[in-house]
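Let me begin by presenting the structure, written as structure tokens, before commenting on it.
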Amino acid sequence: MKKRSMFIALFTMCLAVLFGTKLDAKDASDWKWERKIEIICPWGTGGGADTTLRAFTAALEKELKIPVVVNNKAGAGGVTGVEFAAKQPADGYTYLLCTPSPLLAQISGATTYDVYGTIQPLCQLVHDINIFVTSKNSPYSTYEELKAYLAANPGKVKCGVMTITGLDSACVQAAFLGEVEAVAYTEGAQLNADVIGGHVALACVGPAEVSALLASGDMKVILSCTEERLTLPGMEKVQAAGEVGLNAFFGPARGIFYIKGTPEAALKAFEAAAEKAVASEFFQNWAKTQGLDQRQGWRNTVDFKTAWDDDYNSLTKLFGKK
């Protein structure tokens, strides 16, 4: 009897090894979407996260053949939206767009909410970058010139950011090591106007947010928060953080997250459709117009989970409470 039981167990294990992948694939194809999908955006309309999500949902709807709606739940640097998403049913129809910014809020102690332990990475859509811009009338045009100005004018330079606990603030800290104070803004338009008017010396923003002002000559770029120089038109000569020895490469990797307990088949079906949506001509063309072609965009669940864990570890090392 024992020999027979052992044989059955071994036979079952062999079947799992031989057909496990096929069974997983079948699970994904067996999932049938029966109603609309909701993706929560923890930031307001018009920002980089919101515009990325809306471009993605337009492409995703074509793949899934069902409505995909965006629900903006802004507040607390993205943490409000994360908390809201975590309270929704884990039924395969609710997801979250997120970046490492709420993660940084947890790491820095700005929130006690366990962002890292609550939401789970599903797939990365894009990886944006940050740049430092200033007014065309500023007395500095390069990072070295700015550093010399800071030495001669301590405490005078401030940098506008959209999230005081976010990645833009992390870039300010990493690039200037306390020599420049980050100042929070609630509206990008006001920040841009204050930079142009000289009311705030710098802004840490995404290229798409100031592209028109750079093209008009009202702003100039001081530094890109990247390892290498950008290939974006007009920015090829701008110094990169990596060139000047700065570990200031933080930029919002925007991806889709899910709630623990979501059916595995739904996750696989969503991931498969999302990969096609991101690879679509529509989404790729849109990403290029936004300057989102400078870093690797799509990451599957395995690779995105690795990147998410790496972000947690590196941000904890740099900004964790001592």
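The values are calculated or read from the model by the stated rules, or taken from the named source; none is laboratory data. These numbers come from a predicted model, not from an experiment. Don't worry about glycine lacking a Cβ; one is built from the backbone with ideal geometry, like all the others, and counts go over all protein chains shown.
If the Cβ limit is 7 Å and pairs must be 6+ apart or interchain, which residue in the stretch 59-88 that is outside any helix (DSSP H, G or I) pairs with which residue that is of a type in the set (Ser, Thr, Tyr)?
Here the result reads VAL68/THR57; VAL70/THR57; ASN72/THR45; LYS73/THR80; ALA74/THR80; GLN88/THR94, each pair linking the stretch 59-88 to a residue that is of a type in the set (Ser, Thr, Tyr).
If a residue has to be surrounded by 17 or more Cβ atoms within 10 Å (Cβ to Cβ) and either among the acidic types (Asp, Glu) or assigned to a helix (DSSP H, G or I) (or both) to count, how many in the stretch 273-292 make the cut?
Here the count works out to 7.
Mind listing whichever residues of the stretch 203-212 are of a type in the set (A, V, I, L, M) and modelled with pLDDT under 95? Show your work before the answer.
As a first pass, look at the stretch 203-212 and keep what is of a type in the set (A, V, I, L, M): 203, 205, 208, 210, 212.
Selection gives VAL205, ALA208, VAL210, ALA212.
If I go through the stretch 89-101 residue by residue, how many of them are buried (at least 24 other Cβ atoms within 10 Å of the Cβ) and not in a loop (DSSP other than H, G, I, E, B)?
Looking only at that region, the number is 5.
For the stretch 186-199, how many residues are surrounded by fewer than 19 Cβ atoms within 10 Å (Cβ to Cβ) and either free of Cβ contacts under 8 Å to residues at least 40 places away in the same chain or among the aliphatic types (A, V, I, L, M) (or both)?
So the answer is 7.
Only residues that are surrounded by fewer than 24 Cβ atoms within 10 Å (Cβ to Cβ) and in contact with a strand residue (DSSP E or B) (Cβ under 8 Å, 6 or more places away or on another chain): list them for the stretch 163-175, please.
ILE164, GLN173
Taking into account only those residues within the stretch 155-169 that are among the small types (Gly, Ala, Ser) and touching a helix residue (DSSP H, G or I) at 6+ places or on another chain (Cβ under 6 Å), which is modelled with the lowest pLDDT? I'd like the intermediate steps shown before the answer.
Looking only at the stretch 155-169, we keep the residues that are among the small types (Gly, Ala, Ser), and these are 155, 160, 166, 169.
With touching a helix residue (DSSP H, G or I) at 6+ places or on another chain (Cβ under 6 Å) added as a condition, the list becomes 160, 166.
On the way: GLY160: 96, GLY166: 84.
Ranking the candidates gives GLY166 first.
Filter the stretch 293-322 down to the residues that are among the charged types (D, E, K, R), more than 17 Å from GLY166 (Cβ to Cβ) and either assigned to a helix (DSSP H, G or I) or in contact with a Leu (Cβ under 6 Å, 6 or more places away or on another chain) (or both) and list them by number.
Listed by number, the residues that qualify are ASP303, LYS305, ASP309, ASP310, LYS317.
From PRO42, PRO67, grab the single residue that is modelled with pLDDT of 85 or more, in the same structural domain as GLU275 (by TED's automatic domain parsing) and surrounded by fewer than 14 Cβ atoms within 10 Å (Cβ to Cβ).
Details: PRO42 fails: surrounded by fewer than 14 Cβ atoms within 10 Å (Cβ to Cβ).
Sole residue among the options that is modelled with pLDDT of 85 or more, in the same structural domain as GLU275 (by TED's automatic domain parsing) and surrounded by fewer than 14 Cβ atoms within 10 Å (Cβ to Cβ): PRO67.
Of the residues GLU179, GLU144, only one is more than 21 Å from THR45 (Cα to Cα) and part of a helix (DSSP H, G or I); which? Can you show your working first?
Details: GLU179 fails: part of a helix (DSSP H, G or I).
None of the other options fit; the residue is GLU144.
Please find, among SER216, SER224, the residue that is within 23 Å of SER138 (Cβ to Cβ), at pLDDT 95 or above and surrounded by 18 or more Cβ atoms within 10 Å (Cβ to Cβ). Before the answer, list the steps.
Values: SER216 fails: surrounded by 18 or more Cβ atoms within 10 Å (Cβ to Cβ).
Result: SER224 is the single residue among SER216, SER224 that is within 23 Å of SER138 (Cβ to Cβ), at pLDDT 95 or above and surrounded by 18 or more Cβ atoms within 10 Å (Cβ to Cβ).
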